[in-house]
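Reading through the structure tokens given below for one structure.
The values are calculated or read from the model by the stated rules, or taken from the named source; none is laboratory data. Owing to the predicted nature of the structure, the values given are computational and were not obtained by experimental measurement. Ideal geometry is used to build each Cβ from the backbone, glycine not excepted, and the neighbour counts take in all protein chains shown.
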Amino acid sequence: MYKKIIDFLFQALAVKQYLIFTGTFFILTALVMLILDAQIRPQSCPDMISLELVFSKSALNQIISNCGEAGIRSHLIMIWVDYLFIFSYIGFLGNLLGSLLKGIDYDKALNLFSIPMIAGVLDIIENTLLLIQLQNTESLSGLLIFIASSAALVKFILIGITIILILYYLFNKRKSPDAA
């Protein structure tokens with residue numbers, strides 16, 4: 001089942017002609033996130049990445065006390081907007097990486113292509129768990145906070161690996177004599 005889903009996404013996303021669309025969508029959602037965050041998050045309230053990588057109940061309680069009600073509300077709004085951002089960055093990274101992977105061994109291409117898709121799934125898990133915690137700050141779960149932060153950390157690592165793969169295949173395509 002997993003391989004069928006990745007194969008479907010690879011066939012749908014690994015198309016060079018979509019790069020302008022996915023790139024534009026990614027840039028626009030990133031700008032919306034930056035502008036919205038600057039407009040609604042109180043100065044005393046840590047940013048989203050600090051929230052995502054909190055790892056413990058006591059650290060989340062510290063963020064909650066620094067943010068206050070307005071800050072918690074701003075984080076809830078940003079998490080909902082982040083769901084859209086997940087689709088934009090995964091679409092763009094998947095589109096770019098998938099386009100560069102065309103022409104290599106298909107199974108290897110699918111395995112490499114799955115890396116940003118897994119990052120997106122982890123981001124959805126992280127967002128959902130953070131929403132649950134921030135909507136009911138009176139009953140925080142140290143386990144759910146740890147799982148959300150672990151998912152965020154692995155997500156960031158997988159995004160980093162994806163960017164390295166993109167640079168690697170971009171450089172190797174340019175270097176190869178038949179890339180012209």
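Considering segment 52-62, the residues that are part of a helix (DSSP H, G or I) and in contact with a helix residue (DSSP H, G or I) (Cβ under 6 Å, 6 or more places away or on another chain) include one that is farthest from I147 (Cα to Cα), namely L60. Applying the criterion of being surrounded by fewer than 15 Cβ atoms within 10 Å (Cβ to Cβ) and not polar (S, T, N, Q) to the residues of segment 43-64, the residue that is nearest to G142 (Cα to Cα) is I49.
Annotation note: of L76, L9, L34, the sole residue that is within 23 Å of L122 (Cβ to Cβ) and surrounded by 16 or more Cβ atoms within 10 Å (Cβ to Cβ) is L9. Does L51 fit the bill of being in contact (Cβ under 8 Å) with a residue 40 or more places away in the chain and under 15 Å from the mean Cα position of the chain (by Cα)? Yes; evaluated as a whole, the condition is true for this residue. Across segment 66-75, not a single residue is classified as on the phi < 0 side of the Ramachandran plot and part of a loop (DSSP other than H, G, I, E, B).
In this entry, I157 is excluded by the filter for residues that are among the aliphatic types (A, V, I, L, M), within 16 Å of I79 (Cα to Cα) and out of contact with any Gly (no Cβ under 9 Å at 6 or more places or on another chain). The set of residues from segment 105-144 being outside any helix (DSSP H, G or I), surrounded by fewer than 17 Cβ atoms within 10 Å (Cβ to Cβ) and touching a residue at least 40 places away in the same chain (Cβ under 8 Å) comprises just one member, S141.
A14 meets the conditions (1) farther than 30 Å from L60 by Cα; (2) in contact with a helix residue (DSSP H, G or I) (Cβ under 7 Å, 6 or more places away or on another chain); (3) at pLDDT 95 or above in every case but one. The failed one is (3). Counting only residues that are under 19 Å from I86 (Cβ atoms), assigned to a helix (DSSP H, G or I) and either of a type in the set (D, E) or without any contact (Cβ under 8 Å) to a residue 12 or more places away in the chain (or both), segment 32-48 holds 3 of them. Whenever a residue of segment 86-101 is over 12 Å from A30 (Cα atoms), its partners that are of a type in the set (K, R) and surrounded by fewer than 23 Cβ atoms within 10 Å (Cβ to Cβ), lying with C-beta atoms within less than 7 angstrom and at least six residues away or across chains, give the pairs S99/K16; L100/K173. If you go through segment 3-31 and keep only what is hydroxyl-bearing (S, T, Y) and either in contact (Cβ under 8 Å) with a residue 60 or more places away in the chain or under 28 Å from G71 (Cβ atoms) (or both), you end up with Y18, T22, T29. Given the structure, is L153 farther than 30 Å from Q11 by Cα and either at pLDDT 95 or above or β-branched (V, I, T) (or both)? Against the criterion (farther than 30 Å from Q11 by Cα and either at pLDDT 95 or above or β-branched (V, I, T) (or both)), L153 does not qualify.
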